[in-house]
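The values are calculated or read from the model by the stated rules, or taken from the named source; none is laboratory data. Because the structure is a prediction, the values reported are computed rather than measured. All Cβ positions, even for glycine, are placed from backbone atoms using ideal geometry, and neighbour counts span all protein chains on display. Areas reflect the complete protein model, heavy atoms only, side chains present, ligands, DNA and RNA absent. Shrake-Rupley method; radii C 1.70, N 1.55, O 1.52, S 1.80 Å.
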Amino acid sequence: MKFRNGRITALVAVALSASLGLTACGGSDSKSSSDGSSSSGGDVSVTFLPKNLGNAYFDTSDAGGKKAVKEFGGTYAEVGPDAASPDAQVPFINTAAQQGVKALVISANDPKAICDAIDEARDAGTKVVTFDSDTSADCRDLYINQATAEGIAKVQVDQIAEQIGDSGEVAILSAAANATNQNAWIELMKKDLAADHPNIKLVDTVYGDDDDQKSFDQTAALLQKHPSLKGIISPTTVGIAAAARYLSTSSSKGKVALTGLGTPNQMRDYVKDGTVTSFALWNPEDLGYLAAYAAKALVDGDITGKSGDTFTAGSLGDFTVGDNGEVLLGDPFVFTKDNIDQFNF
Ligand code: RAM
């Protein structure tokens, strides 16, 4: 599936809307909790550990996981730290391993900081699936990737280029400085910019730590420090929502472009009031749903995580493990004022 300049053909749009929209509305009403609330009994216990709690993106992805675990009759829990800092997830991994949880599904705040804890959990028999943001490949069983890093980088660069006439100063407002996923995307965005957009200059990269207030403050600081700034790319749902909120009431509204990765529900008002033209994402609920089924396939011994392994992820169908123990969900999707009302997540 190809996206060009943030637009897709009508036919593809309808098909994608249907698939994104259907699953988006069919989720469970899971609430984040740090006490490991469970939804049903069963042999396959799966604990979701997001980067941090209180992020709407992970509320949705983990609700997808809960839906899958319910479908296959396992036991679901969600635990996590308040702050998305490198080793904040360690105590939660230790506790899950001590409890004999069969599988952990983790979005990592750092590629290495949680690996010792994961090693101990795996030695104790817990399968470890990363999703959304990976660790080093050697410290987990599988990584469920939302879309290729190249595709995620390109869709953001294409949008900012279109919105600023392919010329001028841009900055990146990222999540945590060590986040594996954002750092991979940023490296590829830099390459894309250098190769295909010689007149766009990346003048700054700042980190809001997936904290709403810090991301808001970083947006204000960027605008002050770079008076000629023409655009901001924020490859984090927390960052883009905070930046949009700042821009929407500032004199830069409509003058400084903003794009990146956001959830339709958090961005709807800013697309409608003209602060934001377009942004991208995948379906986080599908990502969590797929990760839970992958965890079950590992626990059941249907797969080991080697390239070529195949498994079925409920209503999403069949998936094959690729290189480096990676499973790919699909392609990023571009949201605009013309399609945003078809989505509810
Ligand atoms: C935030 C998190 C997450 C990322 C999305 C796009 O919610 O940083 O890891 O995938 O943004």
> Applying 1/(1 + (r/R0)^6) with R0 = 30 Å to the Cβ-Cβ distance of Ser136 and Asp196, what FRET efficiency is obtained, to the nearest 0.05?
Replying inline: 0.50
> Over the stretch 149-281, with a single point scatterer placed on each C-alpha, what log10 of the ratio I(q)/I(0) does the Debye formula yield at q = 0.18, 0.19, 0.20 1/Å?
Replying inline: -0.89, -1.00, -1.13
> Around Ser234, which amide H atoms from residues at least 5 apart in sequence, or from another chain, sit under 5 Å from its own amide H, with H modelled in the peptide plane?
Replying inline: Leu173, Thr259, Gly260, Leu261
> How many percent of the accessible area of the stretch 149-281 is carbon or sulfur, using a 1.4 Å probe?
Replying inline: 48 percent
> 222 nm [θ] for the chain, helices only, -39500 (n - 2.57) per DSSP H run of 4+, per residue, to 500?
Replying inline: -12500 deg cm²/dmol
> When the Karplus curve 6.51 cos²θ - 1.76 cosθ + 1.60 is applied with θ = phi - 60°, which whole-Hz ³J(HN,Hα) does each residue of the stretch 102-109 get, with x for Gly and Pro?
Replying inline: 6, 8, 10, 10, 10, 9, 7, 7
> For Ser315, what is the net charge nearby, where nearby means another residue's Cβ is under 10 Å from its Cβ and Lys, Arg count +1, Asp, Glu -1?
Replying inline: -1
>> Which one, Met267, Ser252, Leu173, projects farthest toward the positive side of the charge dipole computed for the stretch 149-281 from Cβ point charges (K/R +1, D/E -1)?
In response: Ser252
>> In whole Hz and in residue order, list the ³J(HN,Hα) couplings for the stretch 144-161 that follow from phi through the Karplus curve 6.51 cos²θ - 1.76 cosθ + 1.60, θ = phi - 60°; x for Gly and Pro.
In response: 9, 9, 5, 5, 5, 4, 4, x, 5, 5, 5, 5, 6, 5, 4, 5, 5, 4
> Among all the aspartates and glutamates, which ones have a C-alpha under 16 Å from Lys201's C-alpha, if same-chain residues fewer than 8 places away are not counted?
Replying inline: Asp158, Glu162, Asp166, Glu169, Glu187, Asp192
> So for the chain: antiparallel DSSP bridges make up what percent, rounded to the nearest 5?
Replying inline: 15 percent
> Measuring with a 1.4 Å probe in the full set of protein chains, what accessible area per residue, in whole Å², belongs to the stretch 248-301?
Replying inline: 30 Å²
>> In whole Hz and in residue order, list the ³J(HN,Hα) couplings for the stretch 287-302 that follow from phi through the Karplus curve 6.51 cos²θ - 1.76 cosθ + 1.60, θ = phi - 60°; x for Gly and Pro.
In response: 4, x, 4, 5, 4, 5, 5, 5, 4, 5, 4, 5, 4, 6, x, 5
> How much net charge surrounds Tyr270 when only the other residues with a Cβ under 13 Å from the Cβ of Tyr270 are counted, with Lys and Arg +1 and Asp and Glu -1?
Replying inline: +3
>> For the stretch 216-281 and the stretch 58-99, what is the centre-to-centre distance using only Cα atoms, to the nearest Å?
In response: 30 Å
> Using mean Cβ contacts within 10 Å as the protection proxy, how do 207-218, 309-320 order, highest first?
Replying inline: 207-218, 309-320
>> Residues of the stretch 257-293 with the amide nitrogen closer than 12 Å to a label point 7 Å from the Cα of Asp341, along Cα-to-Cβ, please.
In response: 272
> Size of the chain along its principal axes in angstrom, Cα-based, largest extent first?
Replying inline: 56, 42, 35
> Based on the Cβ-Cβ distance from Asp119 to Ser251, what FRET efficiency comes out when R0 is 51 Å, to the nearest 0.05?
Replying inline: 0.50
